[in-house]
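The values are calculated or read from the model by the stated rules, or taken from the named source; none is laboratory data. As the structure is a prediction and not an experimental result, all values here were calculated from the model. We place every Cβ from the backbone using ideal geometry, glycine too, and count neighbours over all the protein chains shown. Only protein heavy atoms, including side chains, enter the accessible area calculation; ligands, DNA and RNA are left aside. Shrake-Rupley method; radii C 1.70, N 1.55, O 1.52, S 1.80 Å.
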Amino acid sequence: MSFPFNKTLIPLLILITTWTGQSLSQELKIERKQRLVSYLQDGDEILKRWVKIGDDLYQAHFVIPTYGAGSAADPFADTNEITIKQNPKKYLEEIGVSFGKGNKVNYNQKNSILTVIQSSEQLKLIEAYFSMGCRRIPKRISIRTEIYQLPSSLAVKLIESCTGQSDHHSERDAVLRLVNEGEAKLVALTKIVSRSGQRSKLTDAYEVPFIQEIPQKKTADKKTPLPSFQISTRPVGTILEVDSVLGVDEWAIDLSLNLQHHTGPPEFISINDQIEIPQFHNKEITAQVTLSSGSYILIGSWKPTGKPEYENSELMHVVFLTANVQGLRDYGVLLPAEDPPTKK
């Protein structure tokens, strides 16, 4: 059966007046939508995926592979947790499945197939548990930052719209519309995939060499020695470093991140007409945030520098952050009833 949902849109119109002396024809239109949640279908349709072997007794097969062999242990994992591989019956009992006469369960480690003989009511519970992401399966976290350039007047309105909102998905959609209409542009995008409790780093930059002076100590005769120098390098571009931790509900995500972005190439300044030192146009955000999987938040903004187009212009950069929990896709896959597991 189908489940209706509210498609009401709550538009928030923010009018824009001028940008660098020119009139803008477009508006920053923010639409807040309710999300559609998928439900497990009930009724006769679900029974077609099972093999009937008795009075209200069905056999079902699930592909439940085991992961993590050879990888580092998750420091946040529950070491006392019962796994399907260890004891499939006890595992199902812990999620609320009851076993009676004629009910059986077996896990074949060779082909990673869980075979269950149960009543239709209990099989619905098992299928919902596996197919809707209820069980604690291995998950990874996908993290992405998006940097957009837009007029300062639009950026201020955008920031004001985010006030009091826990999810800035609507504001990000509004910026995408401005990009499509030529009123804004995407400056940089970084994406990185991480495991809970682990640090990940992405560098999209080039190395810039420069001469750096080495501090010298005075000699015993109190004379200042001649200065000495060494060649150093520094990355110029976009760098994202993040520590991610998945909450106990496996939906909330804690992120500790550092984002560096250079809005222009370095400018070299001459000292004593002999040595040139670089002036970097680096913008940096260091933050600790919590967000739900799939949500967007505006984590920062700055005024870009380092390019002629930024001089005497009313432009700003805004930074959106999103993170998604990704379960392994082949976890809990249902096999068609007419396709029994292959014997190995």
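Among (1) over 15 Å from THR322 (Cβ atoms); (2) open to solvent by 40 Å² or more (accessible area, probe 1.4 Å); (3) among the charged types (D, E, K, R); (4) more than 16 Å from the chain's Cα centre (by Cα), there is one condition ASP173 misses while meeting the rest; what is its number?
Exception for ASP173: condition (1).
For the stretch 145-168, check the following and say yes or no: at least one residue is assigned to a strand (DSSP E or B), among the hydrophobic types (A, V, I, L, M, F, W, C), under 22 Å from THR286 (Cβ atoms) and touching a Leu at 6+ places or on another chain (Cβ under 9 Å).
Yes; the residues of the stretch 145-168 include at least one that is assigned to a strand (DSSP E or B), among the hydrophobic types (A, V, I, L, M, F, W, C), under 22 Å from THR286 (Cβ atoms) and touching a Leu at 6+ places or on another chain (Cβ under 9 Å).
Go through the stretch 251-268 and give me each residue that's open to solvent by less than 80 Å² (accessible area, probe 1.4 Å) and more than 27 Å from ILE141 (Cα to Cα).
THR263, GLY264, PRO265, PRO266
List pairs: first residue in the stretch 77-90 and of a type in the set (D, E, K, R) and at pLDDT 75 or above, second residue open to solvent by less than 80 Å² (accessible area, probe 1.4 Å) and not in a loop (DSSP other than H, G, I, E, B) anywhere in the structure, Cβ distance under 7 angstrom, at least six positions apart or on different chains.
Filtered contacts from the stretch 77-90: LYS85/TYR107; LYS89/VAL105.
Confirm whether ILE269 is part of a strand (DSSP E or B), under 27 Å from GLN149 (Cα atoms) and of a type in the set (Val, Ile, Thr).
no
Out of the stretch 188-204, which residues are surrounded by 15 or more Cβ atoms within 10 Å (Cβ to Cβ) and among the hydrophobic types (A, V, I, L, M, F, W, C)?
ALA188, ILE192, LEU202
Which one of the conditions (1) modelled with pLDDT of 90 or more; (2) loosely packed, with under 14 Cβ neighbours inside 10 Å does VAL248 fail to meet, given that it meets all the rest?
VAL248 satisfies all of (1) modelled with pLDDT of 90 or more; (2) loosely packed, with under 14 Cβ neighbours inside 10 Å except (1).
Go through the stretch 217-231 and count every residue that is among the polar types (S, T, N, Q) and either modelled with pLDDT under 65 or surrounded by 13 or more Cβ atoms within 10 Å (Cβ to Cβ) (or both).
2
Among (1) more than 30 Å from SER232 (Cα to Cα); (2) surrounded by fewer than 12 Cβ atoms within 10 Å (Cβ to Cβ); (3) modelled with pLDDT of 90 or more, which single condition is PHE320 missing?
That leaves (2) as the condition not met.
With the structure loaded, tell me whether ARG140 is outside any loop (DSSP other than H, G, I, E, B), within 30 Å of LEU321 (Cα to Cα), at pLDDT below 90 and open to solvent by 40 Å² or more (accessible area, probe 1.4 Å) or whether it fails that test.
yes
Considering only the stretch 272-298, how many residues are farther than 23 Å from THR145 by Cα and open to solvent by less than 30 Å² (accessible area, probe 1.4 Å)?
Of the residues in that region, 1 qualify.
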